[in-house]
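Here's the structure, in structure tokens; my notes come after.
Read-outs: derived from the displayed coordinates by stated rules, not from any lab. As the structure is a prediction and not an experimental result, all values here were calculated from the model. Reconstructed Cβ throughout: ideal geometry from the backbone, glycine too, with neighbour counts over all protein chains shown.
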Amino acid sequence: MRCLLACLVVLGAVSGARALPPILPAAERARTVPAGVFVEDPAGRGRAAAARGDTIWFGGDDGGGVAFEGGVWDWEAIVADPLQGWTRVDATQNDAVHFARVSASSFAGDPCVPMIENTAGMLWCGVHEDEALCRGYATGMGYGNDFRQSARSPSLAIDWAQEALQIEFAYFNDTEPDYDYTHIYVLCYDAGGALVEEHWVAGLTGVLGSAASPALFQQTIAAGTLSPLARSVALELRMVSDGGWSDEDGLYDSACGPFAADEVVLRVGAQPVVRFDFDDGPQGWDFAAYPGLGAYMTSIPEEVWRNWIPVPCGLSGRVLGFVDPQDRRHPGGHHEFGYSAPLPRGG
């Protein structure tokens, strides 16, 4: 049996978001779809104005997660699944780690070898050329949409009230200005090792420095600034991109990846300086794909969504929503899609 899938996509609102053209003209989006008609198209752009005699419609859930002939996805009749076979996906949940300690040999086959001042080792975030091409990146080596990647240093003991934290490192950043960032955080842990604060230090965006001529980051966190529960701290470099304009879609082309850092120096109060040059390895740093922002697609009953939408716009009964029904919100940067159960197709 061959099958088809339908798909819905939602992008979360972000401050200063770019305007994108609508998929359909306003007049066409405003029309209701008459019974037995998929989409009316008087302009004749390939959509039938009425259902042909040989057209078969599928939808709903047959109880086994498969749409059935004559069915409709209305999220009213719950056979086995409240979503009637639809699956929600958090597009901000990365499927691989793309932050690592690298050397020049790591870039074999890539169009550039962006080692900072020809260092023997450094931290680099990005996707190499071969993997980028396999993933369908329009401009090859670089970074993707909805990137959430992190590198975290070993932790250092601190007296939060008496000791300052000095941070310094050489770096380059090459991300879409004002939308994609490498954030600098100080992570604070209590005496039991539990995370008690993510202290944001700075956000790097646009083109800053280069492999040949790196920029220098220097910042001091004053004593008494961090959480009173903090007993140890770690530095985190967190590269985050939004849902568009990256090497993946080709609308932004980073030269050699979004971010790299070397010669990281940390000093707590008057304690000895801790230096990471990465020449012989990661030197205790951890790398991870940061957790996604969440998937919220769910079936929402009318008595709930009526409290949010005073003018129902043709909606009735249960609807499929991409918000958290508990607070009617979704996080900034939210990017989620849902796809239907398979549709049986003969032949």
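How high is the FRET efficiency between Ser213 and Arg329 when r is their beta carbon distance and R₀ equals 56 Å, given to the nearest 0.05?
The calculated FRET efficiency here is 0.80.
Would you please state which residues of region 73-112 a label at Ala120 would reach in this model, taking the label point 7 Å out along Cα→Cβ and a backbone N cut-off of under 17 Å?
Backbone N within reach: 101-106.
With the cut-off at 1.5 for a/c, could you classify region 99-289 from its C-alpha gyration tensor as rounded, prolate or oblate?
It is prolate, given that a/c is not under 1.5 and a/b is the larger ratio.
Roughly speaking, what is the stretch gain from Leu156 to Leu229, that is 0.36 nm per residue apart minus the C-alpha to C-alpha distance, in nm to one decimal?
Difference between extended and current length: 24.8 nm.
7 Å from Cα along Cα→Cβ at both Ile78 and Ala222: what's the point-to-point distance in nm?
5.4 nm
Just subtract the alpha-carbon distance of Val97 and Glu131 from 0.36 nm times their residue separation and send over the number in nm, one decimal.
11.0 nm
Where Lys and Arg each count +1 and Asp and Glu each count -1, what net charge lies around Asn94 among other residues with Cβ under 9 Å from its Cβ?
Computed value for this residue: -1.
Using 0.36 nm times the number of residues separating Ser316 and Asp249, minus their current alpha carbon distance, what extension gain do you get?
So the chain would gain 20.4 nm between Ser316 and Asp249.
At a Förster distance of 56 Å, what's the computed FRET efficiency of Trp57 paired with Ala202, Cβ-Cβ distance as r, to 0.05?
0.55
Under a Cβ-Cβ cut-off of 12 Å, what is the net charge of the residues other than Ala230 that fall near it, where Lys and Arg count +1 and Asp and Glu count -1?
Spelling it out: positives minus negatives among the neighbours equals -4.
Within the set of other residues whose C-beta is less than 15 Å from the C-beta of Asp81, count the net charge using Lys and Arg as +1 and Asp and Glu as -1.
After counting each charged neighbour, the total is -2.
Could you work out how far apart the two model spin labels at Ala194 and Glu303 are, taking each label as a point 7 Å from the Cα in the direction of the beta carbon, and quote it in nm?
3.7 nm
Please report the spacing between the Cα centers of region 109-146 and region 268-347 in Å, no decimals.
Rounded to whole Å, the Cα centres lie 26 Å apart.
Kindly rank 125-138, 245-258 from highest to lowest mean number of other beta carbons found within 10 Å of each residue.
245-258, 125-138
Picking from Val127, Gly209, His199, whose Cα lies most toward the positive end of the charge dipole for region 99-289 (charges on Cβ: Lys, Arg +1; Asp, Glu -1)?
His199
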